[in-house]
Structures are given as structure tokens and as C-alpha cells.
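The values are calculated or read from the model by the stated rules, or taken from the named source; none is laboratory data. In this text, all values refer to a predicted model and were calculated from it rather than measured experimentally. Cβ placement follows ideal geometry from the backbone for every residue including glycine, while neighbour counts extend to all protein chains displayed. With ligands, DNA and RNA removed, areas are computed over all heavy atoms of the protein, side chains included. Shrake-Rupley method; radii C 1.70, N 1.55, O 1.52, S 1.80 Å.
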Amino acid sequence: MEKKQRKKAEAKKLNIREITTCDATAQMLEKAERDGVETAHHRALKMKACPIGAESACCKHCFMGPCRLNPRDPYEKVGVCGATIDTIQSRNFARMVAAGAAAHTDHGMSMLDLFREVVKGNIKDYTIKDPIKLEDVAVELGIDIEGKAIEEIAMDLYYELERTYTQVEGEIPFTKRVPEKTLETWRKHGVVPRGAMREIMELLHRSAIGVDQHYANITNQCSRTALVDGWGGSMIATEISDILFGTPTPVRAEVNMGVLKENYVNIIIHGHEPNLFESMMDSVSDPSLIQAAKDAGAEGINLVGMCCSGAEVLSRHGIPHAGNFSSTEEIMITGAVDAMAVDVQCIKQGLGQVAKCYGTKLFTTNPRCKIEGVEHIEFDHHHPRECTDAIVENAIVRFKNRKLPIEIPQIKNLGVHGFSHEYINYMLGGTFRASYTPLNDNIINGRIRGVAGVVGCTNPRVKQDWVHVELVKELIKNDVLVVQTGCSQIALAKAGFYTPESAYLAGSGLREVCETVGMPPVLGLGSCVDNSRILTACAEMVRTGGLGDSIADLPVAGAAPEWMSEKAVTIGHYFVASGVFTVFGVGFPIIKDTKFYKHLTEGLEELGFGKWGFARDPHEMAKMMIEHIDKKRKALGIDKARERILFDMAARREMEAA
Ligand code: SF4
Ligand code: MSK
């Protein structure tokens with residue numbers, strides 16, 4: 001090989017230790033290199049991000065363009081139609097918010113469809129598992145439940161929640177959960193969502209060529225659309241899933257690739273909608289299918305989750321979880337995955353090629369997500385077992401015909417997951433006086449400095465899990481209680497933060513509270529739609545009292561340190577619009593110091609909302625979040641002089657040795 005070519009090839013070789021802190025993923029990436037298999041990490045290395053797009057300095061909203069502005073001098077020129085950098089950036093942002101909101105609200109719609117069919121008796125495979133939650137939500141939304149049968153209450157609730165989608169005027173039902181002062185701010189600025197279809201439609205309209213050309217006005221409709229996700233689609237997905245499948249309570253469960261079992265038929269479910277997973281749980285427990293697996297030489301069937309539906313059933317049922325978004329191709333490199341079934345969202349098209357390399361049976365199951373070259377077995381919630389049984393049968397055939405060597409990283413991390421809002425209420429207050437009062441009291445007395453939501457994806461553009469873990473370490477060390485969902489929850493679980501014993505990593509105040517209650521300093525709430533649980537918790541903190549009148553008054557902050565999905569942007573914006581300071585890592589498609597940038601990072605806060613922040617470095621992120629929490633404590637008059645504990649190298653080494 002020519003010297004030049006060799007240099008080029010070496011430059012494209014993965015530096016695995018720079019790519020991930022997940023040892024299991026690293027082991028599989030090494031195997032991928034040996035096997036000549038390509039993953040998203042390889043493609044990210046080869047595919048340099050477009051520098052214009054990375055800063056959102058381009059527009060292709062019409063064919064007079066596409067137009068490119070100069071990210072270094074953003075006011076130097078405008079698009080052919082005259083659009084300024086602020087219009088272009090806010091419209092691009094709007095399109096992301098609309099897409100993310102559509103994803104979560106469509107997911108919520110599926111859950112609502114399922115709920116209606118179960119209540120009507122048209123689906124027998126699922127039932128209402130949590131009638132108490134059903135009644136609680138119905139009462140909260142003003143439904144009269146006196147003397148009514150469960151089915152009648154459920155149908156009333158269905159029609160009430162359906163308004164979240166179809167309503168063209170008025171306010172969506174879950175605004176009843178929003179603290180009064182927060183709602184006042186929304187009303188003042190005209191951002192109370194009317195209905196999901198209307199808001200998403202209007203945002204797509206307004207962000208088209210020649211419509212809304214004022215960045216602040218566009219941002220307003222972004223807020224309205226994002227709020228219909230957080231307090232609408234996502235909240236419905238969470239509440240209906242709890243009612244149908246059970247509200248999570250803490251459960252011990254294992255996470256990481258070591259949950260695969262060499263002598264078992266291994267089946268992975270990856271995606272977002274829990275109905276596929278719930279049905280698969282029935283299929284793998286079916287005695288005839290277990291017998292078929294044994295007849296094929298297996299010891300049994302091993303069901304494992306990945307990504308968000310994995311995080312949801314991990315939290316709800318303690319089903320083992322094999323890894324987050326940046327490990328979904330790598331898991332198949334073990335050779336031990338007999339079948340992987342996917343539904344919607346965060347499903348890489350690259351899975352198809354890796355599955356082919358290792359003979360894994362990969363199936364799409366949802367009519368909204370098919371992949372060219374991948375077999376589709378449609379999941380119909382009226383007959384769910386037809387799909388999931390067929391996947392198990394295929395997995396058994398693959399197990400019987402395994403030819404390639406198996407290499408499963410022997411790493412498993414045991415932890416406690418499943419801290420729903422309801423359980424936090426009970427955990428802190430007990431059965432008869434369930435309440436958030438002890439949490440608020442401990443924030444007021446300073447043992448807990450504040451609460452941070454650390455959520456979101458992993459992204460091959462940054463070292464997998466590292467930013468999540470470093471950020472959380474520094475937050476808890478500074479007495480900030482951390483709540484988590486999605487791929488971030490899995491990152492911390494793999495790093496061992498989900499045991500009550502990990503309280504020793506927390507600052508003395510938070511540690512004391514954790515030890516008293518017996519909880520870890522990092523609480524896992526479930527999937528990314530379960531970020532709605534964080535909104536509910538914020539509303540409850542305001543209602544409990546002592547921490548201000550609106551969500552914007554609370555000493556809380558949020559972060560998505562390794563985000564990649566449009567859904568993450570929508571989540572970020574519904575937290576901001578709800579009053580929370582939210583920091584995004586990786587980088588963000590925006591140019592510093594443009595008017596739109598200043599509006600997101602300063603202007604929104606001046607209007608009574610939260611605000612956006614951006615930082616790549618986890619320690620910088622932690623600093624920004626803690627400063628914000630301290631600012632809120634000061635405004636509430638509960639600040640005591642205290643220093644931020646810097647997490648230096650010595651402290652880090654001490655932890656690593658422990
Ligand atoms: Fe260019 Fe304006 Fe068309 Fe965008 S909408 S591509 S800025 S002409
Ligand atoms: S799965 S949206 S990578 S969290 Fe919800 Fe993970 Fe982000 Fe998908």
C-alpha cells in the first residue's frame with residue numbers, strides 16, 4: 001500500500017477508547033474491526049459533519065435555493081427570498097420541534113388507540129393493570145367517577161384525552177396539571193396548546209417559505225408545539241402505558257451486554273412503543289415456545305430490551321437492558337442475538353447490514369417503519385401474539401443454526417430502576433401521607449441543592465456515555481438530585497450509579513437524604529416519553545409549596561449531554577417553555593450571538609419561560625446548571641453561602657479506585 005493510502009486508512013481507523021467509555025461496546029467495536037463490519041461509529045468517522053448545516057446556516061425550504069449563508073459572518077448576506085440568518089435558523093429549529101413533537105404525539109396516539117380498543121373489549125390480550133391510576137388521572141382531569149364502572153370511567157378518560165389531538169380551540173386537558181402561574185405565563189404569550197394536530201400543522205405552515213419571518217414569533221409557535229408534546233402526547237403515552245401495563249415501582253434489574261446468555265435463544269426488542277414488548281413478554285413465557293426452544297438445544301428464551309422501549313420495561317418490569325442507542329449495532333456483533341424486533345424511532349438503517357453479517361433475524365414490525373431489505377412482520381395490536389410468536393419461532397430457528405463464534409462481553413450492572421412520580425410521592429411520604437413535602441423541605445433546608453433532569457440520547461460524534469456520566473458525577477457531588485430517562489439512564493446504570501450504595505458519591509447533604517430514604521442519588525424514570533414524569537414532578541414540587549409559584553421559580557435544571565434526535569430538541573424546548581433552564585451538549589445547529597441565539601439563551605427567560613444553554617464539556621455544563629440552581633435558590637431566599645465542589649482529578653481517581 002502506498003504511504004499516502006496507508007496514512008489515509010490509519011486516519012479512518014477507530015480510536016476505540018476515544019469513542020466510548022462503555023467497555024462492552026468497546027469490546028464489540030474491536031471485534032467489528034476484526035470482522036470487517038461497519039457501525040455508526042465507523043460511518044461517523046468517515047462522514048464529516050457539514051460545517052454549514054452544523055451551524056444551521058443553510059435553508060432548503062424552497063427551490064429558489066438551497067441557500068447558504070456564511071456562518072462566520074452570518075449577517076453578511078440573506079437568502080434569495082431575503083430571509084435573514086435569524087429567520088433561517090428559527091425555521092430550521094421549528095422543523096425539528098415539529099418533527100419531534102409529531103413523533104411523541106403519534107406514539108401517544110398509538111397508546112390511546114390501544115387503550116380505546118382494550119376498553120371497548122375489542123382487544124383481549126391487554127387489560128387495565130392499574131385501575132387506581134386510571135381513577136386518579138380521571139379525577140385530576142375533572143371527570144366525574146362517582147358510581148361509574150371502570151370501563152365507563154376509562155371511556156370518559158379516552159374521550160377527554162382524545163381532545164389533545166383533535167381539538168381546534170381551547171386548552172389541552174393536561175393543562176389542568178400545570179401550576180397556575182406557569183399557565184398564566186403561557187396564556188399571556190399565547191402558547192397554551194390547543195391540540196396536537198393543529199399546533200404541528202401551524203408550525204409546519206409558519207416555517208415554510210414566505211410565511212412567518214420573525215424569529216421570536218416562530219419561537220412562540222415552537223413553544224406551543226413543544227408543549228403539546230410534553231404536556232400532551234408524551235404525557236398521554238406515559239399515563240396510558242401505566243394504566244395498561246402498570247405504574248413502575250422500584251425494581252432491581254441488570255443492564256449491559258452481559259445480560260445476553262450464550263445457551264439461550266436471545267431476543268432483543270428495540271424501539272419505543274411498549275405494546276410490542278408487552279406482547280413479547282407473553283410469547284417468551286408461552287410453555288410451547290419454551291419447549292420449542294429447548295427442543296432446539298437451548299436452555300430457554302432470554303428476552304432483553306434496548307434503547308427506549310427497553311428502558312420502559314426495565315423500569316416497569318425489571319426486564320434486563322443490553323445498552324443504549326450507540327450500542328444497538330454492536331450488540332449483534334456478539335453473534336448471540338438470535339432475533340431483534342424493532343418498532344419505531346431511533347432504529348438505525350445500518351442495523352440491517354450488521355444483522356446480515358451475523359445471521360441475526362431482524363424484523364420491522366410497525367407499518368410506520370419499514371427498512372429496505374429487512375423482513376417485516378406486522379404487529380397488529382388486535383392480534384399481537386401472531387407477530388411476537390412468529391419472531392420467537394424465527395429466533396429459535398436461528399439459534400439452531402448458529403454457525404459463527406459467540407463473544408458476549410461479560411459485563412452486567414445491577415441497579416434499581418422504576419421511580420415513577422407516584423412512587424417518589426409514596427417513598428418520601430409513606431402510604432397515608434404520600435407527598436413531596438420531604439423533598440421540598442430538604443431543598444429548602446439545603447441538604448438537596450436542587451434537582452436536575454439528565455436525559456437524552458447518545459451520539460457517535462462524542463465519546464459514548466462519558467458526557468452523561470461526568471455531568472451526573474459532578475451534579476450529585478454538589479448535592480443535586482438527578483432524575484433520568486432514556487439512553488442517559490442506561491449510560492449511568494452501566495457506570496454503576498443505580499445502586500443505593502452509590503450515595504457515597506454524593507455530597508454530604510444529598511447522601512444523608514439518600515441514606516435515610518434508601519434511594520440512589522440518581523433516579524431512573526423510564527423512556528424518553530417518560531420525561532413527562534419530570535414535568536409532573538416539577539408541577540408537584542410547586543404545588544407542595546415553599547419553592548415559588550411557577551416551574552420557572554424552582555431550583556431545577558435539565559440537560560441532554562449527548563443528544564442527536566429531533567425529539568430531543570422538542571423535549572428540550574418543552575422544558576424551556578415550561579420554565580426550566582436546559583443545557584444541550586454535542587453542539588447545536590445555531591450561531592452564537594445571532595438574535596435568535598440570544599432569544600433562546602436570554603430572551604425567553606425575560607418573558608417568564610426557562611432558557612436554553614449550550615456546552616460540550618460536562619464540567620462546564622454542571623457549572624452552568626449549578627449556577628442556575630443557586631440563582632433560583634437566592635431568588636427564593638433559601639440560599640446559604642456554599643461553594644461548588646470542583647470534581648478534580650484526585651477525586652475522580654479516588655472514585656475509580658473505589
Ligand atoms: Fe433560500 Fe428563502 Fe428559499 Fe430558504 S426559503 S431556500 S432562504 S430562497
Ligand atoms: S431512545 S430519542 S436515542 S434517548 Fe428514546 Fe435514546 Fe434519544 Fe432515541
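Taking a 28 Å limit on the Cα-Cα distance, which of the listed pairs LYS176/LYS632; LYS77/LYS592; LYS13/LYS611; LYS133/LYS188; LYS46/LYS595; LYS129/LYS181 fall beyond it?
In this structure, LYS13/LYS611; LYS133/LYS188; LYS46/LYS595; LYS129/LYS181 exceed 28 Å between Cα atoms.
By its C-alpha gyration tensor, with a ≥ b ≥ c as the square roots of the eigenvalues, how is region 251-400 shaped: rounded for a/c under 1.5, else prolate for a/b larger than b/c, else oblate? Taking the square roots of the gyration eigenvalues as a ≥ b ≥ c, region 251-400 is rounded. Once C-alpha pairs closer than 8 Å and six or more residues apart are averaged by separation and normalised to the residue number of region 244-343, the relative contact order reads 42 percent.
All other residues whose Cβ lies under 13 angstrom from that of ILE377 are scored, Lys and Arg at +1 and Asp and Glu at -1, for a net of -4.
Highest-first packing order for the peptide set 508-517, 556-565, 607-616, 75-84 is 556-565, 607-616, 508-517, 75-84, based on the mean count of other beta carbon atoms within 10 Å. With K and R counted +1 and D and E -1, the other residues having a Cβ less than 11 Å from that of GLU329 yield a net charge of 0.
For the chain, the solvent-accessible area works out to 38 Å² per residue, with a probe of 1.4 Å and every protein chain left in place. Only protein heavy atoms count here; on that basis, with a 1.4 Å probe, MET519 has an accessible area of about 10 Å².
Quote the FRET efficiency, to the nearest 0.05, computed for ASN15 versus GLU501 with a Förster distance R0 of 30 Å and r equal to the Cβ-Cβ distance.
The pair ASN15/GLU501 has a calculated efficiency of 0.35.
Taking every DSSP beta bridge that has both ends in the chain, the antiparallel portion is near 15%. Assuming a ≥ b ≥ c are the square roots of the Cα gyration tensor eigenvalues, decide whether region 85-245 counts as rounded (a/c under 1.5), prolate (otherwise, with a/b larger than b/c) or oblate. Taking the square roots of the gyration eigenvalues as a ≥ b ≥ c, region 85-245 is prolate.
The accessible area of ARG633, taken with all protein chains in place and a 1.4 Å probe, comes to roughly 10 Å².
If the only charges are +1 at each Lys and Arg Cβ and -1 at each Asp and Glu Cβ, what is the size of the charge dipole of the chain around the Cα centre, to the nearest 20 debye?
Approximately 2540 debye in magnitude.
Once every DSSP H run of n ≥ 4 in the chain is given -39500 (n - 2.57) and the sum is divided by its residues, what mean residue ellipticity at 222 nm do you get, rounded to the nearest 500 deg cm²/dmol? Working shown, then result.
Details: 27 runs with 309 residues, N = 658.
Calculated from helices alone, the mean residue ellipticity at 222 nm is -14500 deg cm²/dmol.
When HIS376, HIS42, HIS205 are compared by accessible surface with a 1.4 Å probe, the order from highest to lowest is HIS205, HIS376, HIS42.
For region 418-636, the relative contact order is 22 percent, taking Cα pairs closer than 8 Å that sit 6 or more residues apart in sequence and dividing their mean separation by the residue count. Solvent-accessible area of region 118-203 (1.4 angstrom probe, protein heavy atoms only): carbon and sulfur portion equals 52 percent.
Over region 251-400, with every protein chain in place, what whole percent of the accessible area is carbon and sulfur at 1.4 Å, could you tell me?
Ligands and nucleic acids excluded, carbon and sulfur reach 46 percent.
Tell me the trypsin sites (Lys or Arg not before Pro) within region 117-184 that lie in a loop according to DSSP and have at most 10 other beta-carbon atoms within 10 Å.
Listed in order of number, the matching sites are LYS124.
For MET155 and ARG72, FRET efficiency with R0 = 56 Å and r from the beta-carbon atoms, rounded to 0.05?
Rounded to the nearest 0.05, the efficiency is 0.45.
Since only ILE236, PRO248, ALA196 are under comparison, the one whose Cα sits farthest along the positive direction of the charge dipole of region 134-288, derived from C-beta charges on Lys, Arg, Asp and Glu, is ALA196.
Multiplying the residue separation of ASN445 and LEU404 by 0.36 nm and subtracting their alpha-carbon distance yields 8.8 nm. Using only side-chain charges placed at the Cβ, +1 for Lys and Arg and -1 for Asp and Glu, the dipole size of region 418-636 relative to its Cα centre rounds to 200 debye.
I'd like the GluC sites (Glu not before Pro) in region 262-359 restricted to DSSP loop residues with at most 13 other Cβ atoms within 10 Å, sorted by number.
Working: sites: GLU262, GLU278, GLU299, GLU312, GLU329, GLU330; in loops: GLU262, GLU299, GLU329.
Here the GluC sites (Glu not before Pro) that fit, given the DSSP loop and packing criteria, are GLU299.
The mean sequence separation of alpha-carbon pairs under 8 Å and at least six residues apart, normalised by the residue count of the chain, gives a relative contact order of 16 percent.
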